[in-house]
Amino acid sequence: MNRIMELVTGATGYVGARLVRRLAGEGRRVRALARNPARLDPVEGVEAVQGDLLSGAGLAQAIDGVETAYYLVHSMEAAGPEANGFADRDRYAAEAFATAATRAGTERIVYLGGIAPPGARSDHLGSRLEVERILTAAVPGSTTLRASIVIGAQSSSFRILVRLVERLRVMPLPAWRANRTAPIAERDVIQYLARTPQTPAARGRSLDVVGPDVLTYAQMIARIADAMGVGRMPLGLGASLTPPASAVVAKVTGQPLELVRPLMQSLETDLLPRDPDEAARVYGIEPLSFERAVDRALYEWEQTEPLGAR
């Protein structure tokens, strides 16, 4: 009997690479899509395929025979000749993928998006919602998992927070410091993604996946500092100051401004789940606490890269 084929897009990315290893470790039949398959981590039993979501090249072959396709692609790099910015790039890629999935008869797309409460004004979050609409309109049985900050050693958002704690003794915190969110451990994000094809109750739904702790951004920074064993002096500012603050954060953390700016824009409102317990009930998952997630992430980080503040 043939095993079901699962396709992972964004397989060279942070979440995609870890999901590929998880699925393959469970003996599942996995195909990993990348523009440059040479960049894929070699994993036994995984079929590497080449494809370009923006041009559509290779998509028909990559998705042929696939029952479940994981869509883990997000563009926040500077504009290229194909588009005017990351939102355009994400739209074009989602439309190309949706068309290929429809033609191939794919039964479900599993998309990892972002929590986006009504009234949130962020190009980053708006783009995530647009991609969600494109994919679910094409394949109605799809599942969207919306996450806030992922706590993991290679998570861009988490790495920015850690670098700020590591490199700044005085922590200037703009007005968004009081806004709240429910961060989630990397382990739990991978669990949700991997279990989705075997979770009938998640079919055709959009679910917010979160950890058990609702924290302000100031509280997250303070708890990361505690976990790193350092004292930092918070300096509250009266405005959000996103444009200049983004430039400073990019400089301090060494992250591209094109990544930092939209991420910081999304901090300007509460990012809270619609139902904080629903996804955990549907999947039977007990999420890790923020402290445990941070400890795991910092431990993994230090296996390959020392932290100056530790």
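We did not get these values from a lab; they are worked out from the coordinates using the rules stated. The structure presented is a predicted model; accordingly, all values stated were derived computationally and were not measured. Positions of Cβ are backbone-derived with ideal geometry, glycine not excepted, and every protein chain shown enters the neighbour counts.
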Extension gain (nm, one decimal) between R103 and E47, 0.36 nm per residue minus Cα-Cα: 18.0 nm
The stretch 76-205, relative contact order in percent, only Cα pairs under 8 angstrom and at least six apart counted: 25 percent
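Taking every DSSP beta bridge that has both residues in the chain, what percent is antiparallel when rounded to the nearest 5?
Details: 2 of 35 bridges.
That works out to approximately 5 percent antiparallel.
First measure r as the distance between the Cβ atoms of I4 and L257, then evaluate 1/(1 + (r/R0)^6) with R0 = 41 Å and state the FRET efficiency to the nearest 0.05.
0.50
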Rounded to whole Å, sorted largest first: equivalent-ellipsoid semi-axes of the chain, Cα gyration tensor: 32, 21, 19
Additional length obtainable on full extension of the chain from M233 to E291, 0.36 nm per residue less Cα span: 18.9 nm
Qualifying GluC sites (Glu not before Pro) in the stretch 255-306, DSSP loop, other Cβ atoms within 10 Å at most 16: none
Over the chain, relative contact order from alpha-carbon pairs under 8 Å, at least 6 apart, %: 18 percent
Antiparallel DSSP beta bridges within the stretch 133-252, percent to nearest 5: 15 percent
Built amide H within the under 5 Å cut-off of I109, gap 5+: A69, S142, T143
Cα-projected label distance for R180 with E300, points at 7 Å along beta-carbon direction, nm: 2.8 nm
